[in-house]
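The values are calculated or read from the model by the stated rules, or taken from the named source; none is laboratory data. Remember, it's a predicted structure, so these values are computed and weren't measured experimentally. Virtual Cβ from ideal backbone geometry, glycine too; neighbours counted across all protein chains shown.
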Amino acid sequence: MARMGDIKRKLACLWWVSVALSHPVWAQETTKPKDETPTVTVKGKKAVNRADRQVYDVTKDPDHETATADNTLKRIPGVAIDADGGVTLRGNQAQVMVNGRPWLMYVGDNRAAALRSMPSSMIASIEVISTPGAQYGSNGTGGIINIVTKRSLPPGWFASTTAQASSNGAGMVNGAFQYNKDKLTASVFANIADYKSETRSDFDLAQLAPDGRPLITTDTSNLSDFKSRLGMINSTVDYQLDDNDSLSGQFSYLSSSGTGGGEGQTRRSDANGAPIDLYDSDLTSRFDNDTQTLGLGWTRTGATAGDALKVDLKVNRNTSTNRGDNRSFYSLSSLPENQGTRAQNSLNRSEATNTAFSIDYNKGLESGEVTTGLQITHDDADNNNESSFLYTPGIETPALNPAFSNPFAYRQTIRAAYATWQTMLGDHWVVLGGLRAEALSFESRDAATGAPVKVDYTNLNPSAFATYVVSERQKIRFNYSRRLQRPNAWDLNPSQRYGGAQLVSVGTPTLKPQETDSFETSYEYAKDMNSLSVRAYRLQNRKIISNVRTFIDDPQNAGNQVVLMSRRNAGRSDQTGVQFDYRSQIRPNLSFNTTLTVFEMAMTIPDMPDRSQVTVNSQIGLNYYSKKGHGVSLNLNSLGKQINDYGYMVGNTSVMATYNHALSPTLTLTVMATDVLRTTKTKFVTETRDSRGLSYTSRQAPVISISLSRRFGSGYGAPKPKKTG
């Protein structure tokens, strides 16, 4: 009977904790019960059991005070980040949130800069929600990665500053200040950083005859460098008006700019392999980007446990300018006019405003918990693209190419309403069900014809979760949710868009969202400082947004082999896999973790042969801490071969090593080496009925960074004085 009583207490605790953390209203506002489900601390992270997510405490990572969100996310099981800042979970695109809300700074070309600008020191935990419920926006087939920042601080103040220098010439300085007294909590984070990179890329593409023979082949190689500078400031204020009401405010500003340069060679050959176009090229580019975010919030908690109302408003403004100047030096050309030096210029300007408004309400009932909410997001964007014809500098005057010079303005509104209900069934079960309705309205205009472009559709997305508590150490979970992958605005733009010398893209206004049904079953075991979880999952993707690649005549008359890329809803894919995660505290100062994911992807796409591929991904971490303040962390991340709609990506492996040393109670030294074995290379293979190609990219490696972090103050995270006596 005593054991059954313990189980009931654990079950009740799980119920209330899942209520708190399965919805944005309660996220960050709830105090953890004393008898909460045991926490496992491994590799500096606590894998905490939740109703719909895994939570990883990152505050004890060896480089927590000196790294960025980009470094921190790469250590999370199943998470990968590409060079452009795209975050994937188990190989599928994930949505990135901060404190349960979409991260408005993490958009478009700003994604990598946003991840690099957020200091790890402001992050409390990372939540992985592989099957998000109805309370979250439906976009993102891979699920949600939620970054939880530090809040609910004890009284006092705390400040830190970090300086970092890297072997590739990059550098960073950031600072943080947090203050909490009585009813006021405030924090400010600022960051200034320089980034540099060198990239070698090779691109080979062959246009095939029906019998598989190459008709035209293009071979291109480039060596480029990129430099950028970004500055960021983020401030938040929370004020407790009374026992029930609190106000919050947020202001963020991110400014980034950069220049790039490169040299390349291009060779186009006929069916016999004889060259028909030969030229060298150099490219210079520059971009400028500014993003501001303003947020306001009001929260009221009721007299009854579980009652809460939260109202949020966020406005995000982004402006960007991208300029490119390309010169080609022809030694052989299939076109008589392309002799000697030829040039081409491009200019892209964009302005976009995103407004997000939400109302969320929790109501505690005798039989369970009911949550409802309304969410409205509105995008207002204006883009202008200009591209000149190929011309001879000093002889010809640049003239706009009408095919690639067009405005693109759009308005998009998404209105959503949801409801969830959670309750306990018997002595062992916690269940949660929900339904979300979303309506999208998109308006634009075809720049070529002036015809209006309108898109409207509504989706209903259900979700269901069930947890069976076997004992205080063991749980079994069953999760289901329906997700969407919406086309982005450019995918709906029917005008041509210049994507490079060999690429032109055009949108499809009739494109609809890709639908994904996500199923997951897991077993979890936790004892003391050790944990084990096994997750079986299946993603069924329907109406997938696939690419259509068609060879066209070069619109610029540059003698290039050009592919027109468009997108369509066609085909389906199924991903079935198992994820094994084991974490162990081998000794008080030595921990080990490993994650192994094995999945099969099967794809059926019109005009393509059916394909399937078994992929193995693995992550391994080893961490050692000495009593004298030394710490060493080794992390290996291996990604296997993975197919996509027009080919596959070759697998790669990366190794990251970190050394951490507490020079004093207030001063910490961190040395980090990324891509230690110089093995992080990206290879994409194109395999369609009429084309075969290889794209290969490698970056400067390894990169070694040295950081010094100094801490001040008396509050959370402040240095602890040495004991005397």
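Odds and ends about this structure:
- Flag for Arg549 being basic (Lys, Arg) and more than 24 Å from Arg482 (Cβ to Cβ): yes
- Options Tyr659, Tyr646: the member that is aromatic (Phe, Trp, Tyr) and modelled with pLDDT of 90 or more: Tyr659
- Test for Phe189: is it touching a Pro at 6+ places or on another chain (Cβ under 9 Å) and either surrounded by 17 or more Cβ atoms within 10 Å (Cβ to Cβ) or charged (D, E, K, R) (or both): yes
- Any hit, the stretch 419-431, residues being surrounded by 15 or more Cβ atoms within 10 Å (Cβ to Cβ) and touching an Asp or Glu at 6+ places or on another chain (Cβ under 6 Å): yes
- Ala206 falls short on exactly one of the conditions (1) under 30 Å from Ser334 (Cα atoms); (2) surrounded by 18 or more Cβ atoms within 10 Å (Cβ to Cβ); (3) of a type in the set (Gly, Ala, Ser); (4) within 29 Å of the chain's Cα centre (by Cα), and that condition is (4).
- Positions within the stretch 659-685 being closer than 15 Å to Ser633 by Cα, of a type outside the set (A, V, I, L, M, F, W, C) and under 23 Å from the mean Cα position of the chain (by Cα), in sequence order: Thr674, Asp675
- Residue list for the stretch 473-493, filter: touching a Phe, Trp or Tyr at 6+ places or on another chain (Cβ under 9 Å) and assigned to a strand (DSSP E or B): Gln474, Lys475, Ile476, Arg477, Phe478, Asn479, Tyr480, Ser481
- Qualifying residues in the stretch 135-168 (those that are among the aliphatic types (A, V, I, L, M) and at pLDDT 85 or above) - the one nearest to Thr199 (Cα to Cα): Ala165
- Restricting Met656, Met649 to those that are in contact with a Ser or Thr (Cβ under 9 Å, 6 or more places away or on another chain), of a type in the set (A, V, I, L, M), more than 29 Å from Arg710 (Cβ to Cβ) and not in a loop (DSSP other than H, G, I, E, B) reduces the list to Met649.
- Verdict on Ser166 being in contact with a helix residue (DSSP H, G or I) (Cβ under 8 Å, 6 or more places away or on another chain) and under 30 Å from Val87 (Cβ atoms): no
- The set of residues in the stretch 624-646 being surrounded by fewer than 18 Cβ atoms within 10 Å (Cβ to Cβ) and in a loop (DSSP other than H, G, I, E, B) consists of Ser626, Lys627, Lys628, Gly629, Lys641.
- From the options Tyr537, Tyr498, residue that is over 30 Å from Val563 (Cα atoms), among the hydroxyl-bearing types (Ser, Thr, Tyr) and buried (at least 17 other Cβ atoms within 10 Å of the Cβ): Tyr537
- Just one of the listed residues (Arg268, Arg317, Arg286) is among the basic types (Lys, Arg) and within 21 Å of Val98 (Cα to Cα), and it is Arg317.
- Candidates are the residues of the stretch 507-528 that are more than 24 Å from Arg482 (Cα to Cα) and crowded, with 18+ Cβ neighbours inside 10 Å; the one that is farthest from the chain's Cα centre (by Cα) is Ala526.
- Selected residue (criterion: farthest from Pro407 (Cα to Cα)) from residues of the stretch 496-542 that are touching a helix residue (DSSP H, G or I) at 6+ places or on another chain (Cβ under 9 Å) and in a strand (DSSP E or B): Ser505
- Residue list for the stretch 543-563, filter: under 19 Å from Val685 (Cβ atoms), within 30 Å of the chain's Cα centre (by Cα) and either not in a strand (DSSP E or B) or not hydroxyl-bearing (Ser, Thr, Tyr) (or both): Asn547, Val548, Arg549, Val563
- Of all residue pairs spaced 6 or more apart or on separate chains, those with beta-carbon atoms under 6 Å, a first member in the stretch 163-188 that is farther than 26 Å from Val237 by Cα and a second member that is modelled with pLDDT of 90 or more and of a type in the set (Lys, Arg) are Asn168/Lys196; Gly169/Lys196; Ala170/Lys196.
- Qualifying residue in the stretch 406-419 (condition: among the β-branched types (Val, Ile, Thr) and free of Cβ contacts under 8 Å to residues at least 12 places away in the same chain): no
- Tallying residues that are basic (Lys, Arg) and at pLDDT below 90 within the stretch 448-485 yields 1.
- Residue check, Ser444 buried (at least 16 other Cβ atoms within 10 Å of the Cβ), free of Cβ contacts under 8 Å to residues at least 24 places away in the same chain and of a type outside the set (A, V, I, L, M): no
Here's the yes/no breakdown for (1) among the aromatic types (Phe, Trp, Tyr); (2) crowded, with 18+ Cβ neighbours inside 10 Å; (3) under 30 Å from Thr304 (Cα atoms):
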residue	(1), (2), (3)
Leu335	no, no, no
Arg349	no, no, no
Asn354	no, yes, no
Asn362	no, yes, yes
Val370	no, no, yes
Thr377	no, yes, no
Phe389	yes, yes, no
Pro393	no, no, no
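- Set side by side, the residues Ser566, Ser522, Ser546 differ, and just one is closer than 29 Å to Ala466 by Cβ and among the polar types (S, T, N, Q), which is Ser522.
- Candidate set from the stretch 265-299 (those that are touching a Phe, Trp or Tyr at 6+ places or on another chain (Cβ under 9 Å) and among the small types (Gly, Ala, Ser)); member that is nearest to Arg323 (Cα to Cα): Ser285
- For the residues Thr341, Thr353, Thr372, Thr377, the requirement of being within 30 Å of Thr266 (Cα to Cα) and β-branched (Val, Ile, Thr) singles out Thr341.
- Filtered residue count, the stretch 559-615, keeping only those that are at pLDDT 90 or above, of a type in the set (D, E, K, R) and surrounded by fewer than 15 Cβ atoms within 10 Å (Cβ to Cβ): 2
- Candidates Met118, Met105 - the one that is buried (at least 23 other Cβ atoms within 10 Å of the Cβ), touching a strand residue (DSSP E or B) at 6+ places or on another chain (Cβ under 8 Å) and farther than 30 Å from Thr420 by Cα: Met118
- Hits in the stretch 492-530 - residues which are within 25 Å of Ile476 (Cα to Cα) and either of a type in the set (A, V, I, L, M) or in contact with an Asp or Glu (Cβ under 7 Å, 6 or more places away or on another chain) (or both): Ala526, Met529
- Residue that is in a loop (DSSP other than H, G, I, E, B), at pLDDT 90 or above and of a type in the set (Ser, Thr, Tyr), where the choices are Thr397, Thr371: Thr397
- Whether a residue is under 20 Å from Asp290 (Cα atoms), surrounded by fewer than 21 Cβ atoms within 10 Å (Cβ to Cβ), out of contact with any Leu (no Cβ under 9 Å at 6 or more places or on another chain) and of a type outside the set (A, V, I, L, M, F, W, C) was assessed, and Arg111 passes this test.
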